[in-house]
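Chemist: Just dropping this structure here.
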Amino acid sequence: MTVDVNKTDGPDATPPAGPEAIKAIPVRHPGRYVSAIVALALLGSVVYAFAQGNINWGAIPDYFFDDRIMHGVWNTLLLTVLSMVIGIAGGILLAVMRLSKNPVTSSISWFYIWFFRGTPVLVQLFVWFNLGLVFEYINLGPIYKDYWSSFMTPLLTALLGLGLNEAAYMAEICRAGLLSVDEGQTEASHALGMSHTKTLRRIVIPQAMRVIVPPTGNEVINMLKTTSLVSAVQFADLFKEAQDIGQNAGSTVEMYFLAAAWYLIMTSILSVGQYYVERYYARGSSRTLPPTPLQRLRSLVLPTRRPKGVTA
């Protein structure tokens, strides 16, 4: 009697053999290794060149927390905040004027944006600083009267030059954010009896913030670096203080590296803040928010918890 080993009937039936498992062979990427080696070699050569250069690296930690440097850091941060306040407030006003149906206000806003975006910031700083050639003195009646040269201090020159220039760029950012909100939102608000101002404040601007915030964060970081230009009008910012120390101590290049290190520290802190602000305003448009840097670090360091009864 012959027994069929592939018998499929009865309680002792042998199941048919399944398909053979596929052995996946990963694709090789030799170009990645080559490019990584080339990049590391270039980085190593640059580091070696700086290490062998005629630079007194010991002067950098000696002056890193110097009182004059810390004073420059404070002035840089103060100027950044005040200039951005002026820029954001002016940008919102100019954006509303640009979107206005009034041809006069719309044209004034267009001309302002065209002029300030078309001229360099350094040129604007020098123009504000030397307007005493046009206006000998400023006269506000019984409130204030003084010579222009005494009125236009380095701080005021820096605020006007940076703040008014930033307002032109913020106007375009705010205008793009306002236009990103669907017109039906405005029509529905007007149908409910809301005024135009209240519609902007309660309906349009909160929804536009998701579009406005990311480029505004970039503008804040850019403003922090642009403040280095105000040393040309004798404002004691970080770059000006580092430059003066370098000239007096004979370590000009070393102080430039010191200033660059402080700018990197401040911009890195602002970048972290920008990330969390963007994450906050993305709550209404994304179902799952991206993990924070702390959450990513925690997932790499700590093992993933598994539910009870589940094994790997």
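Chemist: What's the longest piece of the chain with no exposed trypsin sites (Lys or Arg not before Pro), counting a site as exposed if DSSP puts it in a loop and it has at most 15 other beta carbons within 10 Å?
Modeler: Maximal segment without exposed cleavage sites: 102-282.
Chemist: Helix-only estimate, please: 222 nm mean residue ellipticity of the chain, summing -39500 (n - 2.57) across DSSP H runs of length 4 or more and dividing by its residues, to the nearest 500.
Modeler: Value at 222 nm, helices only: -21000 deg cm²/dmol.
Chemist: Another question about this same structure. Using a 1.4 Å probe, how large is the accessible area of Thr197, given in Å² and rounded to the nearest 10?
Modeler: 100 Å²
Chemist: Roughly how many Å² is the accessible area per residue of segment 44-119, as a whole number, for a 1.4 Å probe?
Modeler: Per-residue accessible area for segment 44-119 comes out at 63 Å².
Chemist: To the nearest 20 debye, what charge dipole does the chain have about its Cα centre, counting +1 at the Cβ of each Lys and Arg and -1 at the Cβ of each Asp and Glu?
Modeler: 960 debye
Chemist: If you average the sequence gap of Cα pairs under 8 Å that are 6 or more apart and divide by the length of the chain, what percent do you get for the contact order?
Modeler: Relative contact order comes out at 20 percent.
Chemist: Averaged across orientations, what area in nm² does the convex hull of the alpha carbons in segment 159-270 project?
Modeler: Average projection, Cα convex hull of segment 159-270: 8.5 nm².
Chemist: Could you compute the net charge surrounding Ala259? Neighbours are other residues with a C-beta less than 13 Å from the C-beta of Ala259; K and R count +1, D and E count -1.
Modeler: Around Ala259, the surrounding residues sum to -2.
Chemist: Mind checking which of Ala188, Tyr263, Met209 is farthest towards the positive end of the chain's charge dipole, using Cβ charges of +1 (Lys, Arg) and -1 (Asp, Glu) about the Cα centre?
Modeler: Value: Ala188.
Chemist: What percent of all Cα-Cα pairs in segment 37-78 falls into each 5 Å bin, going from 0 up to the bin containing the maximum distance?
Modeler: 5, 19, 14, 13, 12, 14, 14, 8, 2
Chemist: Can you give the three extents of the C-alpha atoms in segment 71-212 along their principal axes, from longest to shortest, in whole Å?
Modeler: 54, 36, 31
Chemist: Give the shape of the chain as rounded, prolate or oblate, defined through the alpha-carbon gyration tensor: a ≥ b ≥ c are the square roots of its eigenvalues, a/c under 1.5 means rounded, and otherwise the shape is prolate if a/b is larger than b/c and oblate if not.
Modeler: oblate
Chemist: Once both labels are modelled 7 Å past Cα along the beta-carbon direction, what's the Ile108-Asp67 spacing in nm?
Modeler: Reported label-point gap for Ile108 and Asp67 is 4.8 nm.
Chemist: For Ile269, Ile245, give me the order by solvent-accessible area with a 1.4 Å probe, most accessible first, ignoring ligands, DNA and RNA.
Modeler: Ile269, Ile245
Chemist: Okay, next question. Using a ≥ b ≥ c from the Cα gyration tensor of segment 83-152 (square roots of the eigenvalues), is it rounded, prolate or oblate, where a/c under 1.5 gives rounded and otherwise the larger of a/b and b/c decides, a/b for prolate?
Modeler: The shape class here is prolate.
Chemist: Let me know the longest stretch in the chain that avoids all chymotrypsin sites (Phe, Trp or Tyr not before Pro) found in a DSSP loop with at most 13 other C-beta atoms within 10 Å.
Modeler: The answer is 145-312.
Chemist: Further question: Counting only protein heavy atoms and using a 1.4 Å probe, what share of the accessible area of the chain belongs to carbon plus sulfur, as a whole percent?
Modeler: C and S fraction of accessible area: 64 percent.
Chemist: Please sort by residue number the GluC sites (Glu not before Pro) in segment 83-176 whose DSSP state is loop and whose Cβ has at most 11 other Cβ atoms within 10 Å.
Modeler: Hits after loop and neighbour filter: Glu136.
Chemist: With the cut-off at 1.5 for a/c, could you classify segment 14-104 from its C-alpha gyration tensor as rounded, prolate or oblate?
Modeler: Oblate, because a/c is 1.5 or more while a/b does not exceed b/c.
The values are calculated or read from the model by the stated rules, or taken from the named source; none is laboratory data. All values derive from a computational prediction rather than experimental measurement. With ideal geometry, Cβ positions are generated from the backbone for all residues, glycine too; neighbour counts draw on all protein chains shown. These area figures cover heavy atoms from the full protein model, side chains too; ligands, DNA and RNA do not enter into them. Shrake-Rupley method; radii C 1.70, N 1.55, O 1.52, S 1.80 Å.
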